[in-house]
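The values are calculated or read from the model by the stated rules, or taken from the named source; none is laboratory data. Please read these numbers as outputs of a predicted model, since none were measured by experiment. All Cβ positions, even for glycine, are placed from backbone atoms using ideal geometry, and neighbour counts span all protein chains on display. Surface areas here come from the heavy atoms of the whole protein model, side chains and all, with no ligands, DNA or RNA. Shrake-Rupley method; radii C 1.70, N 1.55, O 1.52, S 1.80 Å.
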Amino acid sequence: MSDVPTGGTQEPSSTAVGGEEVVPSEARTLEVVEVREGMFGVHGTGDTSGYGGLQRPVAMPAASRRPFGGWYDDVADQLERLLGEEIGSGAIESVVADRDELTLHVRRERIREVCQHLRDDPALRFELCSGISGVHFPHEIGREFHAVYHLLSMTHNRRIRLEVAVPDSDPHIESVVSVYPTADWHERETWDFFGIVFDGHPALTRILMPDDWPGHPQRKDYPLGGIPVEYKGATVPPPDERRSYS
Amino acid sequence: MGLEEKLPSGVLLTTVEGLAGYFRKASFWPATFGLACCAIEMMEFGAPKYDSSRFGMEVFRASPRQADLMIVAGRVSQKMAPVLRQIYDQMANPKYVLAMGVCASSGGMFNNYAIVQGVDHIVPVDMYLPGCPPRPEMLIDAIMKLHDKIQHTKLGAHRAAEIASDEKVALEAVPTSAMKGLLR
Amino acid sequence: MSTTDTGTDPYAQSQDTTSGPVFTVTGQDWDEVVAGVDPDASERIVVNMGPQHPSTHGVLRLILEIEGESVTEARCGIGYLHTGIEKNMEYRNWTQGVTFCTRMDYLSPMYNEAVYALGVEKLLGITDQIPEKADVLRVMMMEVNRISSHLVAIATGGMEIGALTVMTVGFRERELCLDLFELFSGLRMNSAYIRPGGVSQDVPEGGLDAVDRFVSLMRKRLPELAALCNQNPIFKGRLKDVGYLDLAGCLALGVTGPALRSTGYDWDLRKKQPYCGYETYDFDVITRDEPDAYGRFRIRLDEMDESLRIIEQCVTRLRALEGAPVMVADKKIAWPSQLAIGPDGQGNSLEHIRHIMGESMEALIHHFKLVTEGFRVPAGQVYTSVESPRGELACHLVSDGGTRPYRAHFRDPSFSNLQATAAMSEGGMLADVIVAIASIDPVMGGVDR
């Protein structure tokens, strides 16, 4: 056994510890994305562990306040100048600096404009769009789908993440294909897997799934779709139906 | 009949079936049906170290019309399944299918929405080869076993009788769902 | 406008309700009908190529519009190998995720594992606690993998243009790399060797000597491949000026890796954003000012030499690090199980089993908890990237504080690079499409995941 307590595994900085919410002092809004129930993945009458009533909210790292540190402030200042508005009031909802990564939460109708500035301004110059993907947070009402853009500035050797949240009822985001042509397939993939509609995309069709496939597989409410495996009278259910730790 | 005694020494006698089986197995051309990881091991099987030309199989045919064996090497997705079936239908008889790797045999570790849980849902499989991916040696072993099967395949009326008896045996066999007991 | 006598045609009755042009598809006036649709239609042919085709580098489907031998439009159809790996990973714990992501890009499994492990470590905040030996082993295995991957890229590229000798040579050499993987990890491919916290196994007995032999053998054999191809007039004739893509095209289309470096831009994440201690190794980034298939081929050849240099430095370091740990010291994260070669060739370490089953109840509980439940990772998201043989391979991991990834997304270089197909092959010859695609070396397992 190691006697070096390295930490990091058990005490998430901004999420629940021992059933209580710990809000970092500098946080403005806590982005609760999930509520975890119980302890051992069994729900209803089958749970005899005594932990069935346990409820713990799961929150993503909260928005940061200035100074964000290092070049993060330069990027934020330059963007404020170009957009002519302060962070939090207009196109950029909030800024999260977490684990040495900068995340800008952008309003969906302004994403193309923000990308255009990020690409074209010499002080920013994020010339490569690494990729776009989605994340589904079914418990974050009104912001169920997040489209996540990863941009890379080769000139300044920086990386930045843009996050756009849209509600399930109206999953529309402005397409950035006109700014980053490489976004073409990435947006198609995000549409295919999450059903996020990118308005203005030249041909938003399914890319990985067959054209006639029903549903969007990476959504959390879409089942994994495995079949029970039976051998010698014993049946092993597919992974999403097995008991697991929650 | 006495014919055998009149032959000069050194002439081997065999049946037409044996001869046909011998020729079939000795020029047994696989179709290229590489899908995923197993396809690389299948190519390795054709490359110098494992050298499939030792078994007359170095000609991987791209055209299914010229192929005798379809090695389904890798995971078959729902999108690929109709393509696979079409390739199989285009192959000329006698044709054989080898499900290479667990994904092709049973879906393997990818028990999910995207993967066909065993290629035997789409085409009849003659040989299952486990492994993820199986080594080229294992592929050689599977192909040797398939060669043996082909060598002993019958012709004409005998073949029809063989199919009938095989089917009878298969119908009487205990289905895997009814097999109980220790997991081994 | 009906071009046939529709009154007598049993297959296309006339309709009075329609306004505008009406085309019937029977009768003997096809030319007129087609001319009404598109004056150039007789010259346009749309060819479907793949997904089962020997020259499309896997299950890639190409939809090519051709005019004679020239390609006027090229589109890719992908998804024929979509495996749902990202979704499957959401139902397995963090350590088990390695076994899934290693099967994505099956020609560079070590990179898939490394980028995922780096992501998990960054989420945990233990990046600086990874033992040095684990880092050196990761670098060594990644570089061996780079050689094997480039060899297959060259081999299959050669095979697709009919140079079968290039293929046999490439696969013969690749077998040597796989022997090393087998020696170090127990598996030829998909080895799940690099895990969150370190690597699964220490250096096996005689392992470093085997690497030494490998390096000296490769130093002899890689020049053979160069001698076979570099100045070969047929080879050059097929590759030169084919699949041209300049720097602006690369950046717009998100193309990275050898294709980007063939434009003369020295973008290599190993140098620019070092991970696993790459900043401490002495190697050069290969660039060329020939943004075509031939330039990319030469870059791959030269990169293999650089990889050999890195491997040699790794061996020197590993000799000095004998007995050092290969897994993070935190036992709450480090995978408890050890492997050993049993009488059947493989298996769990009997000593470890004796320890947990016979000696220490606490060790058994710890083992059970860590293996069945796994460790918890604080909520948040990270993005890690490595320079895979095909370009920037990156992993976007989202954790909700649980024992399993909430979302794992992989930015596979092949996926982005393949978008350049149209830019590289439109206007060229039909046969050059194959060369252009082979030059970016897409691996469909990575594209479709």
remark   = Counting only residues in region B:31-61 that are more than 7 Å from every other protein chain (Cβ to nearest Cβ) and aromatic (Phe, Trp, Tyr), the one least open to solvent (accessible area, probe 1.4 Å) is identified as B:Phe45
key: Conditions (1) more than 13 Å from chain A (Cβ to nearest Cβ); (2) crowded, with 24+ Cβ neighbours inside 10 Å: number failed by C:Pro442   = (1)
note = Subset of region B:102-142, residues out of contact with any Lys or Arg (no Cβ under 8 Å at 6 or more places or on another chain), assigned to a helix (DSSP H, G or I) and open to solvent by less than 50 Å² (accessible area, probe 1.4 Å), comes to B:Val102, B:Ser105, B:Val119, B:Leu139, B:Ile140, B:Ala142
query = Of all residues in region B:62-71, which are open to solvent by less than 30 Å² (accessible area, probe 1.4 Å) and part of a helix (DSSP H, G or I)?
reply = B:Pro64
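Are any of the residues in region B:138-147 small (Gly, Ala, Ser) and facing another protein chain (nearest Cβ under 10 Å)? Let's see the steps before the verdict.
Step one: list which residues in region B:138-147 are small (Gly, Ala, Ser), which gives B:142.
Now narrow it down to the ones that are facing another protein chain (nearest Cβ under 10 Å): none.
For region B:138-147, residues small (Gly, Ala, Ser) and facing another protein chain (nearest Cβ under 10 Å): absent.
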task = Name the residue, out of A:Gly44, A:Gly38, that is surrounded by 14 or more Cβ atoms within 10 Å (Cβ to Cβ), more than 23 Å from the chain's Cα centre (by Cα) and either at pLDDT 75 or above or not hydrophobic (A, V, I, L, M, F, W, C) (or both).
result = A:Gly38
inquiry  = Against the definition (open to solvent by less than 10 Å² (accessible area, probe 1.4 Å), farther than 14 Å from C:Met142 by Cα and either under 22 Å from the mean Cα position of the chain (by Cα) or assigned by TED's automatic domain parsing to the domain that holds C:Arg317 (or both)), how does C:Met218 come out, yes or no?
reply    = yes
ask   = Somewhere in region B:93-101, is a residue open to solvent by 30 Å² or more (accessible area, probe 1.4 Å), farther than 19 Å from B:Met42 by Cβ and without any contact (Cβ under 8 Å) to a residue 60 or more places away in the chain?
value = yes
inquiry  = Please count how many residues of region C:174-218 are assigned to a loop (DSSP other than H, G, I, E, B), among the polar types (S, T, N, Q) and either out of contact with any strand residue (DSSP E or B) (no Cβ under 9 Å at 6 or more places or on another chain) or within 11 Å of chain B (Cβ to nearest Cβ) (or both).
reply    = 2
Single match in C:Ala227, C:Ala248, C:Ala252 (criterion: buried (at least 16 other Cβ atoms within 10 Å of the Cβ) and among the aliphatic types (A, V, I, L, M)) = C:Ala252
ask   = Can you pull out the residues in region C:239-293 that are more than 14 Å from chain A (Cβ to nearest Cβ), part of a helix (DSSP H, G or I) and touching a helix residue (DSSP H, G or I) at 6+ places or on another chain (Cβ under 7 Å)?
value = C:Leu239, C:Pro258, C:Tyr278, C:Ala293
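Restricting to region B:72-89, and then to whatever is under 17 Å from C:Tyr80 (Cβ atoms) and more than 10 Å from every other protein chain (Cβ to nearest Cβ), can you tell me which residue is most open to solvent (accessible area, probe 1.4 Å)?
Taking region B:72-89 first, the residues under 17 Å from C:Tyr80 (Cβ atoms) are B:72-88.
Then keep just the ones that are more than 10 Å from every other protein chain (Cβ to nearest Cβ); that gives B:72-73, B:85, B:88.
Numbers: B:Val72: 0, B:Ala73: 0, B:Arg85: 84, B:Tyr88: 25 Å².
Per the stated criteria, the residue is B:Arg85.
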message = So, C:Leu137, is that one touching a strand residue (DSSP E or B) at 6+ places or on another chain (Cβ under 7 Å) and in contact (Cβ under 8 Å) with a residue 24 or more places away in the chain or not?
response = yes
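If you check C:Gly170 against the conditions, is it within 11 Å of another protein chain (Cβ to nearest Cβ), touching a strand residue (DSSP E or B) at 6+ places or on another chain (Cβ under 6 Å) and open to solvent by less than 10 Å² (accessible area, probe 1.4 Å)?
Details: within 11 Å of another protein chain (Cβ to nearest Cβ): yes; touching a strand residue (DSSP E or B) at 6+ places or on another chain (Cβ under 6 Å): no; open to solvent by less than 10 Å² (accessible area, probe 1.4 Å): yes.
In short, no.
Residue by residue through region A:211-237, note down the ones that are of a type outside the set (A, V, I, L, M), at the interface with another protein chain (Cβ under 7 Å from one of its Cβ atoms) and surrounded by fewer than 17 Cβ atoms within 10 Å (Cβ to Cβ). Working first, answer last.
Within region A:211-237, the first condition is being of a type outside the set (A, V, I, L, M), and the residues that meet it are A:211-223, A:225-226, A:228, A:230-233, A:235, A:237.
Then drop every residue that is not at the interface with another protein chain (Cβ under 7 Å from one of its Cβ atoms), which leaves A:217-218, A:225-226, A:230-233.
Correct list: A:Glu230, A:Tyr231, A:Lys232, A:Gly233.
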